[in-house]
Amino acid sequence: MSVSLHTQITHDGSLFKVEVISWTDQQGRRLTREIVRHPGAVMVVPLLDNGRFVMIRNERIAVDEVLWELPAGKLEPGEDPAHAAARELEEETGYRAATMERLGEFYTSPGFADELMHVYVARDLVSHTQRLEPGERITVELVETLQAKKMIREGVIRDGKTIAGLLMHLSSQEEIH
């Protein structure tokens, strides 16, 4: 790995910051990359007792589409990921979980960002009230396992973190059975 020679912050916003990093590689070439620095995030795979997933339809301004997703959100400074997962589950779906089990983690886009997504499975769900943030337009949908697999296969679910989270959960179940 190379050693950074120069780092310049070109954007410092409420969601992320952008750094321009310049260094010299082993061949003596001067290289520059723009890196998105993100505080990390959580995603929840909510499971009802009947095996259905609690998913959301989320209006995403960046892509001008309503996407099928699992509940997710940004970590607050110093926030425990399990706490953030419980918070996001309740805010976006209106459900609370008696059990929140860590499933794993992954980098969302390591080619240009350092965002680390922590994934949890929520079980023993109890319905409460959604607490959407200003500007969020989210509806809750219940999805069967076979339907979720088909939605991934057919490109209906297009959110990468949701695809990763569902596949992480499904592969963990295959090991057990």
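Quick note: the coordinates plus some simple rules give every number you see, no bench work behind them. Bear in mind that the values here come from a model prediction, so they are computed numbers and not experimental data. In this analysis, Cβ positions are derived from the backbone assuming ideal geometry, glycine residues included, and neighbour counts consider all displayed protein chains.
Structural remarks
- Estimated [θ] at 222 nm from DSSP helical runs (n ≥ 4, -39500 (n - 2.57)) normalised by residues in the chain, nearest 500: -7000 deg cm²/dmol
- Compared with the direct C-alpha span, the chain from R52 to V156 gains 35.7 nm at full extension, assuming 0.36 nm per residue.
- Put simply, when 160-169, 36-45 are sorted by average Cβ atoms within 10 angstrom per residue, most first, you get 36-45, 160-169.
- Summed side-chain charge close to V54 - residues other than V54 whose Cβ falls under 10 Å, Lys, Arg +1, Asp, Glu -1: -1
- Cα gyration tensor shape of segment 92-158, rounded if a/c is under 1.5, else prolate or oblate by comparing a/b with b/c: rounded
- Sequence-distant lysines (8 or more away, or on other chains) whose Cα lies within less than 18 Å of K149: K161
- Amide H contacts of R158 (H built 1.01 Å from N, under 5 Å, at least 5 apart or other chain): W68
- Remark on E115: its backbone amide H falls under 5 Å from those of H38, T108, S109, a criterion applied only to residues 5 or more positions apart or on other chains, H modelled at 1.01 Å from N.
- Protection-proxy order for peptides 115-124, 76-85, 24-33, each taking the mean of Cβ atoms within 10 Å per residue, highest first: 115-124, 76-85, 24-33
- Exposure proxy for Y95, Y107: other Cβ atoms within 10 Å of each Cβ, ordered fewest to most, give Y107, Y95.
- Cβ charges +1 (Lys, Arg) and -1 (Asp, Glu), total dipole of the chain, debye: 380 debye
- R0 of 45 Å, Cβ-Cβ distance E174-K17: FRET efficiency to nearest 0.05: 0.70
- Pairwise centroid distance, computed over Cα atoms, of segment 122-149 with segment 15-86, Å: 18 Å
- Label-point gap, in nm, between K74 and S109 - each point 7 angstrom along Cα→Cβ: 1.4 nm
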